[in-house]
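Reviewing the structure listed below.
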Amino acid sequence: MTSAMDSAEVVEYLREHERKSLLRFITCGSVDDGKSTLIGRMLYESQSVFDDQLAALEADSRRVGTQGGELDFALLLDGLAAEREQGITIDVAYRYFTTAKRKFIIADTPGHEQYTRNMVTGASNADAAVILIDARKGVLTQTRRHSHVVSLLGIRNVIVAINKMDLVGYDEAVYRAIEREYRAFAERLGIAHVTCIPVSALAGDNVLERSAAMPWYDGPPLLEQLEDVELDDERMQDEPLRLCVQWVNRPNLDFRGFAGTLVGGVVRPGDRIVALPSGLTSSVARIVSYEGDLERAVAGQAVTLVLADEIDISRGDVIAHADAPPAVGDALEATLVWMSEQPLLPGRDYLMQIGTRSVRATAAPLKHKLGADTLEQLPARELALNEIGVCDLELDQPVPWDPYRANRDTGGFILIDRLTNDTVAAGMVSFALRHSENTRWQPLDVDKQARAAALHQRPCLLWFTGLSGAGKSTIANLVERELHRGGSHTYLLDGDNVRHALCKDLGFTVADRVENVRRVAEVARLMVDAGLIVLASFISPFAAERALARELLDEGEFIEVFVDAPLDVAEARDPKRLYERARRGEIKNFTGVDSPYERPQRPELHIDTTTQTPEQAARLVLDELRRRGIARA
């Protein structure tokens, strides 16, 4: 009988543990402020409280055949040792522990400025932040920088652990001065909830229990405060309904559900909903979960919604209450935390992942960088690793969105390099640009097909790329001459010529080269839309921009011609003596000398100008156009 009761107690304990809420929080601070010691103390203190209970439960679990791992206690004290030896955390380390009231995941992030991207990773889904301040040093530049990042990432609950109080004699005046200074800075940042706690991580003061050494402090100890922090999912239940559709579930013809996680609000059967960006409406017929149908689902739950009507909804759409939808736009202002060794380049194309939707995003010129510790707005043309800046993003299609401060899931996004698939930035949407809301694509009666038919030809874009001196313009000119002689309607966009007008404001930095090609690609797209055969002759050194030009056109309309000449051959030709000047340092950012050229990997035509004359190369291009039915015989 006793054994049966013990078994029941073990099972009930495990169920209670499963029902505990989970708080994710980030710890950050300057080097040598005692962060690792504080984490170790929290893990040690929480463990010691439950040592006796844990031992008894483990004995019971062995009797009833329960595996000890199911208790889910992971107290990773050993992981701190290597970091203490190095003196710095160099990546995000995750620690796990539990108390009687709640489970916790700690994201232990590095303190140096050059690891801002690591901090962003750890803070991206945190409910709270513990920011450490050394009582001997007070509020530092790093303190302000970390607080700024925490504010940008929408963490509403900040606990300031003013550490090493034992080294200042537990002096209340020291604590109060630091508290006043920090609260004044936090108010400028708009941080909603700040709790300051004087602690000694080494001695354990105010970590688990209130310290007798500081009777003047009447607030909660650190762990108690963490147990009472409101979870983001709990807060989001009071916000408008948002379900980001992850997949459409249709196991049979009688069932069609839209699966995803609720990232805001509450939904019930019968609720009127709208699917965005389409704007189609319906009502909720069923809420399906792993455990069966639900009468109610709340933020944080993964469910499948079955609707009363057959409406077109796809992955990436957002389902919302019909009377409280998110905004929809294709031009957004956003704050970016740059996470790549390669800088943000205005005009470059990136993949934007927002919610469960992926779209193409082009960065406009930066508005400003942010001084992370001073909050200054600093002029800038590029955004480098770990820098924070504000810019506009032009999207290739409208997306549903909320301001990041209202909803971190529908207002937060990442940018991905489209060639390497590396995550290059974390972003927070501020608002939509006015033209995003006020301008729409105007349908026209005369389209590309009609214009091409009137010209009796198939439009296309021939994109000649290669080093300076490779022979691009010479070959393109010969090809256009023959096309014109055959009655084709053409236009040649030449790199030097467009810099006299369209791109005369641009230099030759990497950012300017990206913008130069972006403009030309857009102009070429319009000319192809007019029904012309367009020839573009540009060094166009970066694969990303050539890919952008290709994607602006329909399948088969973009023909990349790689005019290949080795650097020494191109330099020997050097009709403009540009290489010579670049070697002397008179020309900066010259392709092939101090700026890279990314060779095409799969061009439609590869012309070797060391073995072929310009006339032979032109015939190869014309033969390809005839094969495609573009050039007239």
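The values are calculated or read from the model by the stated rules, or taken from the named source; none is laboratory data. Owing to the predicted nature of the structure, the values given are computational and were not obtained by experimental measurement. Virtual Cβ from ideal backbone geometry, glycine too; neighbours counted across all protein chains shown.
Screening Glu560, Glu604, Glu545 for residues that are touching a residue at least 40 places away in the same chain (Cβ under 8 Å), closer than 30 Å to Gln449 by Cα, surrounded by 20 or more Cβ atoms within 10 Å (Cβ to Cβ) and over 30 Å from the mean Cα position of the chain (by Cα) leaves exactly one candidate, Glu560. The residues listed here are Val337, Val359; of these, the one that is among the aliphatic types (A, V, I, L, M), over 26 Å from Gly122 (Cβ atoms) and assigned to a strand (DSSP E or B) is Val359. Residues that are surrounded by fewer than 18 Cβ atoms within 10 Å (Cβ to Cβ) and not small (Gly, Ala, Ser) within region 122-138 comprise Asn125, Arg136, Lys137, listed in sequence order. Would you point out the residue of region 457-480, among those that are crowded, with 24+ Cβ neighbours inside 10 Å and β-branched (Val, Ile, Thr), that is farthest from Arg626 (Cα to Cα)? Residue satisfying both the conditions and the ranking: Thr465. Quick one: would you say Gly427 is touching a residue at least 40 places away in the same chain (Cβ under 8 Å) and within 30 Å of Asp608 (Cβ to Cβ)? No.
The sole residue among Thr261, Thr281, Thr195 that is polar (S, T, N, Q) and within 23 Å of Lys20 (Cα to Cα) is Thr261.
Output the qualifying pairs, or none if there are none: Cβ atoms under 6 angstrom, residues six or more apart or on different chains, first residue in region 197-216 and under 19 Å from Gly138 (Cβ atoms), second residue among the small types (Gly, Ala, Ser). As it stands, the answer is Ile197/Ala161; Val199/Ala161; Ala201/Gly34; Asp205/Ser211; Asp205/Ala213, since those pairs meet every condition given.
Taking the stated definitions as given, is Asp232 more than 22 Å from Asp33 (Cβ to Cβ) and at pLDDT below 90? Taking the combined requirement at face value, the residue satisfies it.
Kindly indicate whether Gly507 is of a type in the set (Gly, Ala, Ser), at positive phi and loosely packed, with under 15 Cβ neighbours inside 10 Å. No; evaluated as a whole, the condition is false for this residue. Considering Glu598, Glu586, the condition of being within 19 Å of Gly495 (Cα to Cα), free of Cβ contacts under 8 Å to residues at least 60 places away in the same chain and not aliphatic (A, V, I, L, M) is satisfied by Glu598 alone. A single member of Leu223, Leu276, Leu208 is at pLDDT 95 or above and either β-branched (Val, Ile, Thr) or crowded, with 17+ Cβ neighbours inside 10 Å (or both), and it is Leu276. Of all residues in region 274-302, those being of a type in the set (A, V, I, L, M) and under 18 Å from Gly355 (Cα atoms) number 6. Show the residue pairs that are 6+ apart or on different chains and have beta-carbon atoms under 7 Å apart, the first residue being within region 164-177 and outside the structural domain of Tyr217 (by TED's automatic domain parsing), the second being buried (at least 18 other Cβ atoms within 10 Å of the Cβ). Close Cβ pairs satisfying both conditions: none exist.
For region 426-435, the condition holds for no residue, the condition being that it is over 15 Å from Leu153 (Cα atoms) and touching a Phe, Trp or Tyr at 6+ places or on another chain (Cβ under 7 Å). Note on region 226-253: among residues that are touching a Gly at 6+ places or on another chain (Cβ under 7 Å) and crowded, with 20+ Cβ neighbours inside 10 Å, the one that is nearest to Lys101 (Cα to Cα) is Met236. Taking the criterion of being closer than 27 Å to Ser540 by Cβ and either out of contact with any Leu (no Cβ under 9 Å at 6 or more places or on another chain) or of a type in the set (A, V, I, L, M, F, W, C) (or both), the residues of region 348-366 that qualify are Leu351, Met352, Val359, Ala361, Ala363, Ala364, Pro365, Leu366.
Look at Leu262 and say whether it is buried (at least 19 other Cβ atoms within 10 Å of the Cβ) and in contact (Cβ under 8 Å) with a residue 60 or more places away in the chain. No. Does region 295-318 include one or more residues that are free of Cβ contacts under 8 Å to residues at least 60 places away in the same chain and either under 30 Å from Glu545 (Cα atoms) or in contact with a helix residue (DSSP H, G or I) (Cβ under 7 Å, 6 or more places away or on another chain) (or both)? No, because not a single residue in region 295-318 is free of Cβ contacts under 8 Å to residues at least 60 places away in the same chain and either under 30 Å from Glu545 (Cα atoms) or in contact with a helix residue (DSSP H, G or I) (Cβ under 7 Å, 6 or more places away or on another chain) (or both).
Given (1) at pLDDT below 90; (2) touching a helix residue (DSSP H, G or I) at 6+ places or on another chain (Cβ under 7 Å); (3) surrounded by 17 or more Cβ atoms within 10 Å (Cβ to Cβ); (4) of a type outside the set (Gly, Ala, Ser), identify the lone condition not met by Arg381. Status for Arg381: all satisfied but (3). Inside region 287-319, residues that are in contact with a strand residue (DSSP E or B) (Cβ under 6 Å, 6 or more places away or on another chain) and either part of a loop (DSSP other than H, G, I, E, B) or hydrophobic (A, V, I, L, M, F, W, C) (or both) make up a count of 21.
Meeting the requirement of 2 or more residues that are in contact with a strand residue (DSSP E or B) (Cβ under 9 Å, 6 or more places away or on another chain), the helices (runs of 4 or more DSSP H) wholly within region 369-487 are 408-411, 434-438, 472-485. Among the residues of region 567-591, those identified as over 32 Å from the mean Cα position of the chain (by Cα) and surrounded by 14 or more Cβ atoms within 10 Å (Cβ to Cβ) are Leu567, Val569, Ala570, Glu571, Arg573, Asp574, Leu578, Tyr579, Arg581, Ala582, Ile587.
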